[in-house]
């Protein structure tokens, strides 16, 4: 069994990385009760030059029980590192969908200190934390003599977590990608494939509003001035912008060359079916308070499970949290956790999942970026309709 896959950017002091890999392998063997020569991890530095794209690396990603990433500025610029992450994250997502459990098997470690704002959001949500490390990088623990005891304790702690999570959460073997080049990079936007574009309304966006009404909010929250008679009347950025969010989003999409349609949550299955048949985009505008309504939660959970299983590439989720909405801010931790539970399988790494959007101005930046990602995915994975 391969207990861990060590992912790092070549050139980040490879000899020191090799030492960390060896130290971690020793501790994993001890914690797992294995022979001193047992192979418990994988690092591509052991492969001969010119073979890093071979099937051995992808096979190791398909079988390893955990993924240890050494984060650095070079790491987030490396497309192979982003591809390795994506392959393993896909396996984790399938395990979560099958079991409903969230294993802690993807462990990003800070290898080189990152300047403010340079931590990629995909890694920031999952970054491994330890009292033994604090704000110090693993590389600093290794290089400075005064940290040697802390480094040994950290490696011992990390090895224990790797073994425990591997035995508690047997992530299924996955062979979705035949080689590394065929996998997308989680850190890079997909490049459009030069192919015949879809011909049936390819730039239509369906904005589906999952929100309360003024009457429905009575049983859920006290501040109801963000709502109207219909879910699509929801205006989360009131009073800064009293317009319904769906109206603002539609106008913004149309200004970027899309055709926009608006629907309420009960229309989601029909709109999703239409989008799937005709290479269109679905954008869910989600009021976090809707997670308090069981009927709405069931619809969103069922749709997300179906969407993940079908590997649909063009469903986006946008969740505003206006700073002026003090009641939402006060309850955000609970509401956001419910959103992550409902959208399990996409919230930890998908570029089409954007939560905690604090203002109309930020929403105005997020929506075009999401639509660009969705269009690129559509050209890669959508159905191609050819003229007779």
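Read-outs: derived from the displayed coordinates by stated rules, not from any lab. Since the structure is predicted, the reported quantities are computational estimates derived from the model, not experimental observations.
Answer rounded, prolate or oblate for the range 4-182, using the Cα gyration tensor with square roots of eigenvalues a ≥ b ≥ c: rounded when a/c is under 1.5, else prolate when a/b is larger than b/c, else oblate. Verdict is rounded for the range 4-182. Springs join every pair of Cα atoms under 10 Å in this Gaussian network model of the chain, and among 297, 213, 99 the largest mean-square fluctuation is at 99. When the Cα gyration tensor is reduced to axis lengths a ≥ b ≥ c, the ratio a/c is 1.5 or higher for the range 204-381, and with a/b above b/c it is classed as prolate. Rounded to the nearest 500, the helix-only mean residue ellipticity at 222 nm of the chain stands at -13000 deg cm²/dmol, with each DSSP H run of n ≥ 4 adding -39,500 (n - 2.57).
For the chain, rounded, prolate or oblate, judged on the Cα gyration tensor with a ≥ b ≥ c (square roots of eigenvalues), a/c < 1.5 rounded, else prolate if a/b > b/c?
On the way: a/c = 2.18, a/b = 1.63, b/c = 1.34.
Note, shape of the chain comes out prolate.
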